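To keep things clear, I will list the structure first and then write my remarks on it.
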Amino acid sequence: MSGYSEFEQGQTLGREQERERLAAYFHRRLAPDLLALAFSIEGVRAELEAQDHPSAPKLQELLNRLTEMIKPMREEILKETARRIKTNRWKLRRDD
């Protein structure tokens, strides 16, 4: 194997490890906070809607935007989790 192909393999491995690290970070730290934020917005929106407040539709729009922002992250995390399970590479690391 040439030095260049070893270098390419190292780059590929490095990118994969970074992607795994980022997916784990989002899964453990960011996703729960964003989900809690979405539930909080929905709670306030429901209260305002019950009072026929004019801001309820604006909060619904914010909730929709937040949901759309979270959706790709969630899908990526699910794909990464399935891939790790399939390849038996699932590791629980607390240092990310």
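Structure summary
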{"item": "Dipole-positive endmost among Leu59, Ala24, Val44 within region 3-86 (Cβ charges, Cα centre)", "result": "Ala24"}
{"item": "Axial C-alpha extent at least 27 Å, average Kyte-Doolittle at least 0.0 - helices from the chain (DSSP)", "result": "31-50"}
{"item": "Estimated translational D of the chain in µm²/s (Stokes, Kirkwood radius over Cα pairs; 20 °C; 1.002 mPa s)", "result": "132"}
{"item": "Computed over region 3-86: relative contact order in percent, which uses C-alpha pairs under 8 Å that are six or more apart", "result": "32"}
{"item": "The chain, dipole about Cα centre (Lys/Arg Cβ +1, Asp/Glu Cβ -1), debye to the nearest 20", "result": "480"}
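Each reported figure results from applying straightforward, stated rules to the coordinates on display, with no laboratory input. Because the structure is a prediction, the values reported are computed rather than measured. Cβ coordinates were reconstructed from backbone atoms using ideal geometry, including for glycine residues, and neighbour counts include every protein chain displayed.
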